[in-house]
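What follows is a short report on a single structure.
The values are calculated or read from the model by the stated rules, or taken from the named source; none is laboratory data. For clarity, every value in this text was computed on a predicted model and none was experimentally measured. Glycine also receives a Cβ, built like all others from the backbone with ideal geometry; neighbour counts cover every protein chain displayed. Keep in mind that these areas ignore ligands, DNA and RNA; they rest on the heavy atoms of the full protein, side chains included. Shrake-Rupley method; radii C 1.70, N 1.55, O 1.52, S 1.80 Å.
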Amino acid sequence: VNGYVEYKRSRNKNAETLRKLADILKPLAPFAEKRGQTALKDVDFETLVKFEETWTGKRVKDPATGEWRTLPKSAHGKQKYQEVVRMFFRHWHNIGKITKNPAAALEPIATSDAEIHVYETAHVKNLFKVIENLFPRIAARVEAFLLFQYFSAFRISDVCTLAVDELQADNTVTHQQWKTKRWVSVAVPQIVVDRLRSITPTSERYFFWTGNSQVETCAKDWSANLLK
């Protein structure tokens, strides 16, 4: 696993991607060892099927009882995990370190549109109503962040790295995505532009990021805010 992560690092993958790769793959070694498979070449198809069954969702605290519980992993989440496992074994098979790729036979995990949560207009309005009470000191900033994310469909990390000069006079935003490094352009409504222009940017360059910390740190902080 470490060798694979280092290979990805050499291809300029960002730190958050590398962390996710390690988080998904590191449990595989002890899991396989419990089944008597101590080397990568020993891991078989059946072990990977059983490994998929161990994937669970986040731990959350029940607001009613105060007890912690583990949520089931969504099919979409399992699909992403499986993609990583497939890439991992395909890499070692392609360079000749293993003669057989056990992940090649894994049946793709299907997802459905039912798993995608679409917020209705009334729900969105309710979200904005609670901002003032939850964030009395930074309400305007949170509202601007959420409005831009809602209308742009940007990842949290890309909203964090939204630069002041990326907001054009014609209400379009041309932004280099932090994760993929691809440039994208998106038009946003006037209300979004007005909210962004009404707040004091966090730094000279960025609306919501100092530019000094890790992007992952900024994204985690905003993720915690939005979870509220």
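The table below gives the values:
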{"read-out": "Potential lengthening between Q190 and T172 on full extension [0.36 nm per residue; Cα-Cα distance subtracted]", "value": "5.5 nm"}
{"read-out": "In degrees, nearest ten, helix 75-94 long axis to first principal axis of the chain (Cα)", "value": "50"}
{"read-out": "Computed E for K34/T217 - FRET, C-beta separation, R0 25 angstrom, nearest 0.05", "value": "0.10"}
{"read-out": "Shape category assigned to segment 142-228 from the gyration tensor of Cα positions, a/c cut at 1.5", "value": "rounded"}
{"read-out": "Residue among L28, S198, L147 farthest towards the positive dipole end of the chain, charges placed on Cβ", "value": "L28"}
{"read-out": "Sequence ranges 20-28, 178-186, ranked by mean other-Cβ count within 10 angstrom, highest first", "value": "20-28, 178-186"}
{"read-out": "Placed amide H near Y206: partners under 5 Å, 5+ positions off or other chain", "value": "V164"}
{"read-out": "Between 0 and 90°, nearest 10: helix 215-227 axis offset from the chain longest Cα axis", "value": "70"}
{"read-out": "For the chain, the longest site-free run once GluC sites (Glu not before Pro) in DSSP loop states with at most 12 other Cβ atoms within 10 Å are removed", "value": "121-203"}
{"read-out": "Unsatisfied cross-links (Cα-Cα over 20 Å) in the set K13/K50; K61/K228; K26/K78; K8/K80; K34/K58; K26/K80", "value": "K13/K50; K34/K58"}
{"read-out": "Whole-Å distance, taken between Cα centres, linking segment 1-64 and segment 67-105", "value": "7"}
{"read-out": "The chain - percent of accessible surface contributed by carbon and sulfur, probe 1.4 Å", "value": "51"}
{"read-out": "Backbone HN-Hα couplings from phi across segment 43-54 [Karplus 6.51/-1.76/1.60, Hz, Gly and Pro as x]", "value": "5, 10, 4, 4, 5, 5, 4, 5, 4, 4, 5, 8"}
{"read-out": "1.4 Å probe accessible area per residue over the chain, in Å²", "value": "64"}
{"read-out": "Label assignment, Cα Rg over 2.2 N^0.38 Å derived from the structure, set (i) 1.00; (ii) 1.17; (iii) 1.23", "value": "(iii)"}
{"read-out": "Under 17 Å from K181, Cα to Cα: aspartates and glutamates that are on another chain or at least 8 residues apart", "value": "E16, D158, E166, E216"}
{"read-out": "Spin-label pair T17/K179, simplified geometry with 7 Å Cα→Cβ offset, distance in nm", "value": "1.0"}
